[in-house]
Amino acid sequence: MGENDTRFRGLSFAPRVGVGFVTDAKLLNFNSPFPQNSTRLVGGEITLDFGKLRNDAFRRVGELALLYYWGHSEDQFTQDDLPLANNPLAGLIRFSNKRESNSHYVFAEWRWPTFAPVYTSKHWALINPQFGVGAGAIIINTKVTQGDDNPMTKDVNAVAFAVTGSTQVRLVEFAWGNFLMSLEGAVRVFAGQAFGMVGEGGLRFTWSRF
């Protein structure tokens, strides 16, 4: 292999959690499977790190991340949520709509090399930002329950394809030999058949060849 050939540099695993709002822009459409409330996310990612040797020094090229999240959201809308809730006429209108959404997020994302940390030492680095762009799918299943006295329940489903972009910051990174551990925060946006923004946090464990 030549000096400028791209090489596999390392592997990392990061359990992550997040919360945000993901929608199909059809608000108050209670037959839509997309949540009407915030979604809590739990999942993780596997990341492959690539780089090049140049002038006997290793330079990062970027990272390929494979992400999976499981999402959960609950929302309820009744006559009390209408603008007429305090009007005597509101008593003539009685309805209830409860929704419970479970979703799966599967994405692949390319991340460019991290910027220079604000502070570095032999074992520590602080405030190290990074940007990424990816694409994937969101699979949603929502159970809709209408009415209180004689409730009717149905399932609605959807598959949405979306692109995603993220701004990540490795807040604190600790390195020892070939192993690294970092505490991270991120903001992620979605666009395409689904729109939204999610705040994420995670703990990354990395094995590096160099």
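Table for the structure above
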quantity	calculated
Rounded if a/c under 1.5, otherwise prolate or oblate - the range 147-189, Cα gyration tensor axes	prolate
Under DSSP loop assignment and at most 15 Cβ neighbours within 10 Å, longest trypsin sites (Lys or Arg not before Pro)-free interval of the chain	123-208
Normalised per residue, the volume of the convex hull around the Cα set of the chain (Å³)	131
Relative contact order (percent, whole number), the chain, Cα cutoff 8 Å, 6+ residue spacing	22
Net charge contributed by nearby residues that have their C-beta within less than 13 Å of residue 145 (K/R +1, D/E -1)	-2
Chymotrypsin sites (Phe, Trp or Tyr not before Pro) restricted to the range 95-161 and DSSP loop, no more than 15 other C-beta within 10 Å	95, 115
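Here, each number is a calculation from the coordinates, and none is a lab measurement. The shown structure was predicted, so the numbers you read here are calculated from the model rather than taken from an experiment. All Cβ positions, glycine included, derive from the backbone under ideal geometry; neighbour counts span all protein chains shown.
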